[in-house]
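Written below as structure tokens is the structure these notes are about.
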Ligand SMILES: [Zn+2]
């Protein structure tokens, strides 16, 4: 099966997805801020450039889109039917890079929480998880 999108359409689609991740991140940030926690964004000196950094607690939160970061068992992470020779190595590469970054962060003494795209719609549950993660 061939790709139904032209390269231009494909890159438009990709930038839409990037924009979507920014929106997801913003929702998580708004929630966490409203809970009274303060953080820094995108520390470039840390592996994987964590989305939210709580330096005093030495904790970081990553907000991950389910598709690009290969959320295991998640319906949003289903592989496209076309151009699998392109997508599989790319997505596997993302997942490997995430795992490597997480391992380095842990070795430096950071604690990590992942927030997946599909978990954001339930703000109550997410809020409880964040509270628990940042309180201990
Ligand atoms: Zn998911």
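The values are calculated or read from the model by the stated rules, or taken from the named source; none is laboratory data. Worth saying up front: this structure is predicted, and the values here are computed from it rather than measured. For neighbour counting, all protein chains shown are included, and Cβ atoms are generated from backbone atoms with ideal geometry for every residue, glycine included.
Close contacts from the stretch 111-129, counting a first residue that is without any contact (Cβ under 8 Å) to a residue 60 or more places away in the chain and a second that is buried (at least 16 other Cβ atoms within 10 Å of the Cβ) and assigned to a loop (DSSP other than H, G, I, E, B), with Cβ to Cβ under 6 Å and a gap of 6+ residues or different chains, come to 116/66; 116/71; 118/66.
Only a single item in (1) more than 19 Å from residue 122 (Cβ to Cβ); (2) surrounded by 14 or more Cβ atoms within 10 Å (Cβ to Cβ) is not met by residue 61, and it is number (1). Under the condition of being within 15 Å of the ligand (Cβ to nearest atom), closer than 12 Å to residue 50 by Cβ and part of a loop (DSSP other than H, G, I, E, B), the residues counted in the stretch 102-136 number 0. Put simply, of 80, 47 the only residue that is part of a loop (DSSP other than H, G, I, E, B), at pLDDT 90 or above and surrounded by 14 or more Cβ atoms within 10 Å (Cβ to Cβ) is 47. For the stretch 50-77, a residue qualifies if it is part of a loop (DSSP other than H, G, I, E, B), near the ligand (Cβ under 10 Å from one of its atoms) and touching a helix residue (DSSP H, G or I) at 6+ places or on another chain (Cβ under 7 Å), and the qualifying residues are 65, 66, 67, 69, 70, 71, 74. Taken over the stretch 83-110, residues that are in contact (Cβ under 8 Å) with a residue 40 or more places away in the chain and either surrounded by 11 or more Cβ atoms within 10 Å (Cβ to Cβ) or over 24 Å from residue 136 (Cβ atoms) (or both) amount to 9.
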